[in-house]
Amino acid sequence: MERVYTVSLVGAYETVRGKRTSRAVKILKSFLARHMKTQEERVKVSAEVNSLLWERGMQRPPRRVKVKVKRDAKGEVSVRLVEEPKAEKPAEPKQEKKG
């Protein structure tokens, strides 16, 4: 199952300044666990989403983030940015036919 969510992280601004981005990550994981019907431990945030959250430092996380969420049959949830390209395998060099 694959869905796109816009998650509001405004609740992170209710905590002390030094813990806002950490709180934003917890808010994101709990929101997605609730909507994808799984546990928070099974929610895996991609490096691009994590760097977007931490981009402006610990004190000023983004107010909202748009993510694409995919759940597999085991209940593992992967979180990516909507515009993030899929991880592609490197192309194998083609072998030339001798003849």
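The values are calculated or read from the model by the stated rules, or taken from the named source; none is laboratory data. Owing to the predicted nature of the structure, the values given are computational and were not obtained by experimental measurement. Cβ sites come from the backbone with ideal geometry, for glycine too, and all protein chains shown count toward neighbours.
A few notes on this one:
- Tyr5 meets the stated requirement of being touching a Phe, Trp or Tyr at 6+ places or on another chain (Cβ under 8 Å) and surrounded by 14 or more Cβ atoms within 10 Å (Cβ to Cβ).
- Test for Ala47: is it in contact with a helix residue (DSSP H, G or I) (Cβ under 6 Å, 6 or more places away or on another chain) and not basic (Lys, Arg): no
- Some residue of region 18-29 being surrounded by 12 or more Cβ atoms within 10 Å (Cβ to Cβ), at negative phi and in contact with a strand residue (DSSP E or B) (Cβ under 6 Å, 6 or more places away or on another chain): yes
- Single residue of region 65-99 satisfying the filter (surrounded by 11 or more Cβ atoms within 10 Å (Cβ to Cβ) and of a type in the set (D, E, K, R)) that is modelled with the lowest pLDDT: Glu84
- Region 15-44, subset aliphatic (A, V, I, L, M) and touching a Lys or Arg at 6+ places or on another chain (Cβ under 7 Å), residue nearest to Val77 (Cα to Cα): Val43
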